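Trainee: Handing you a structure now.
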Ligand code: KG4
Ligand code: ZN
């Protein structure tokens, strides 16, 4: 079964064709990072306006690269939430219209759940991966991105429980904000990870907030803690604006702060994943979302979990439409279709 996936929830309009939920036939992501870099973060209106311009060519390219014509597409899957309202609307309206015009069943996909399904995609375009095994259930997924941080236990494709989630900022958001304070630019995750390789992770310490649910996360406190730490390093008080700090820092202060911050966040993520592993004894543990691209997180989980950790290649950790088509396949098999005349976006959708 061939599914065409469409994703426009944030700043990366994307389309992909996936066979049987596991085989990537094409995976096109038209990143807008250069459009947003000048603003130091994603500007929702800029994202939506750009999606309108590129989404149809992106879809056409995905079909062309997959060598699949419209009659061969069995169903269409589209992200309907969570995400930026205007950005989501572009994808959903495009998918609804095409589903009606091309007479295809339409599947509404939860972007966060779909991140976990990047781990089911066993073949990149043209490169069969012989070591690939479809993940087994029960499956524990740590989904950490710029918009979400969740620890989810999947009993099967549709029966899942969110064990814990962030009470405030997402993990990736903390990476992005701290990178901005350090003058490392946007997106922050890769920049922090790079600076961290040159720094000492034990140089500075940041304390963990106490939370009621042992599986929840909170990342807004560490942002403020890093800000106060940097203000103290440059000998200023709490009124000194964060965007004036970076030019006053030495390279080693930047690198040591990046390494210490990354270690702290990764420790929190690993600790909860290990606790959940011990309590629920899943057959598979997967990581997903942009922060799953972080090498230190991958290494720590691999070192501390008693079973191998599964993670997608980096281009499938960050937003893409292959994961939408991938999860869409399992929903299509269960005949969980949506009405192309009425499907609405759900910007605050929660798993
Ligand atoms: O999944 P994603 O592409 O978009 C959302 O759905 O949010 O995740 C983007 C996030 C950004 O916050 C980015 O800084 C973070 O993932 N990220 C990383 C790394 N690469 C991307 N965070 C830590 N380490 C990385 N190597
Ligand atoms: Zn995402």
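Values in this text are rule-based calculations from the coordinates and carry no lab data. Treat the numbers as computed from the prediction; the structure is a model and nothing was measured. In this analysis, Cβ positions are derived from the backbone assuming ideal geometry, glycine residues included, and neighbour counts consider all displayed protein chains.
Trainee: Got the relative contact order for segment 1-133 handy, in percent, Cα pairs under 8 Å and 6 or more residues apart?
Mentor: Working: 245 pairs, mean separation 40.0, N = 133.
Relative contact order, segment 1-133: 30 percent.
Trainee: Let me ask something else about it. For segment 208-342, would you read off the P(r) tail past 26 Å as a percentage of all alpha carbon pairs? Walk me through the numbers on the way to the answer.
Mentor: Numbers: 4159 of 9045 pairs.
In whole percent, the long-distance tail amounts to 46.
Trainee: Which length gain, in nm to one decimal place, applies between residue 244 and residue 337 when the Cα-Cα distance is subtracted from 0.36 nm times their residue separation?
Mentor: Contour length minus the Cα-Cα distance gives 28.4 nm.
Trainee: Same structure again: Give the dimensionless ratio obtained when the Cα radius of gyration of segment 182-223 is divided by 2.2 N^0.38 Å. Mind showing how you got there, number by number?
Mentor: Details: Rg = 13.2 Å, N = 42, 2.2 N^0.38 = 9.1 Å.
So segment 182-223 has a normalised radius of gyration of 1.45.
Trainee: Please compute the modelled spin-label separation between residue 348 and residue 200, points set 7 Å along Cα→Cβ, answer in nm with one decimal.
Mentor: Rounded to a tenth, the inter-label distance reads 4.6 nm.
Trainee: In addition: What do you get for Rg/Rh of segment 94-234 when both radii come from the Cα atoms and Rh is the Kirkwood radius?
Mentor: Working: Rg = 19.6 Å, Rh = 18.3 Å.
Taking Rh as the inverse mean 1/r over Cα pairs, Rg/Rh reads 1.07.
Trainee: Starting from the Cα gyration tensor of segment 191-274, take the square roots of the eigenvalues, sort them a ≥ b ≥ c, and report rounded, prolate or oblate (rounded when a/c is under 1.5, otherwise prolate if a/b is larger than b/c, else oblate).
Mentor: Oblate is the answer for segment 191-274, as a/c is 1.5 or above yet b/c matches or exceeds a/b.
Trainee: Output the 0 to 90 degree angle, nearest 10, between the alpha-carbon long axis of helix 295-304 and the longest principal axis computed from the alpha carbons of the chain.
Mentor: 90 degrees
Trainee: Quick one: among 30, 75, 334, which has the greatest mean-square fluctuation in a GNM of the chain with alpha-carbon springs under 10 angstrom?
Mentor: It is 334.
Trainee: How long are the semi-axes of the equivalent ellipsoid of segment 300-351, defined as square roots of 5 times the Cα gyration tensor eigenvalues? Whole Å, largest first. If you can, show how the numbers build up before the last one.
Mentor: Working: eigenvalues 190, 38, 29 Å².
Over the Cα atoms of segment 300-351, the ellipsoid semi-axes are 31, 14, 12 Å.
Trainee: Say we join alpha carbon atoms closer than 10 Å with springs in a Gaussian network model of the chain; which of 168, 216, 34 then has the biggest fluctuation?
Mentor: Fluctuation is largest for 34.
Trainee: Segment 312-326 to segment 181-242: how many Å between their Cα centroids?
Mentor: With segment 312-326 and segment 181-242 each reduced to a Cα centre, they are spaced 28 Å.
Trainee: Then there is this: In µm²/s, what is D for the chain at 37 °C and 0.692 mPa s, where D = kT/(6 pi eta Rh) by Stokes-Einstein and Rh is the Kirkwood radius from Cα pairs?
Mentor: On the way: Rh = 20.7 Å.
The diffusion coefficient I find is 159 µm²/s.
Trainee: Which whole number in µm²/s is D for segment 1-135 by Stokes-Einstein, with the Kirkwood Rh taken over Cα pairs at 25 °C and 0.890 mPa s?
Mentor: On the way: Rh = 15.2 Å.
Using the Kirkwood radius from Cα pairs, D works out to 162 µm²/s.
Trainee: Let me ask something additional. Tally the DSSP beta bridges in segment 61-212 and give the antiparallel ones as a percent, rounded to 5. Write down the numbers at each step before the final one.
Mentor: Numbers: 13 of 18 bridges.
Rounded to the nearest five, the antiparallel share is 70 percent.
Trainee: Could you check what % of the DSSP bridge pairs in the chain are antiparallel, to the nearest 5?
Mentor: Details: 26 of 44 bridges.
Rounded to the nearest five, the antiparallel share is 60 percent.
Trainee: Still on this structure, please answer the following. Going by a ≥ b ≥ c, the root eigenvalues of the Cα gyration tensor, does segment 249-326 fall in the rounded group (a/c under 1.5), the prolate group (a/b larger than b/c) or the oblate group?
Mentor: Working: a/c = 2.83, a/b = 1.32, b/c = 2.15.
It comes out oblate by the Cα gyration axes.
Trainee: Would you mind calculating the gained length between residue 168 and residue 103 on full extension (0.36 nm times residue separation, minus the Cα-Cα distance), in nm to one decimal? Walk me through the numbers before you get to the answer.
Mentor: Working: separation 65, 0.36 × 65 = 23.40 nm, distance 4.13 nm.
Fully extending the segment from residue 168 to residue 103 adds 19.3 nm.
Trainee: Between helix 251-280 and the chain, what is the angle of the helix's C-alpha long axis to the longest principal axis, kept within 0 to 90° and rounded to the nearest 10?
Mentor: On a 0 to 90 degree scale, this one is about 60.
Trainee: For the chain, with a Gaussian network of springs between Cα atoms less than 10 Å apart, report the residue from 234, 101, 178 with the top mean-square fluctuation.
Mentor: 101
Trainee: Right, another one. Quick one: grab the alpha carbon gyration tensor of segment 151-232, order the square roots of its eigenvalues as a ≥ b ≥ c, and give me rounded if a/c is under 1.5, else prolate or oblate depending on whether a/b is larger than b/c. Walk me through the numbers before you get to the answer.
Mentor: On the way: a/c = 2.46, a/b = 1.75, b/c = 1.41.
It is prolate, given that a/c is not under 1.5 and a/b is the larger ratio.
Trainee: If each of residue 132 and residue 315 carries a label point 7 Å out from its Cα toward its Cβ, how far apart are those two points in nm?
Mentor: Modelled inter-label distance: 1.3 nm.
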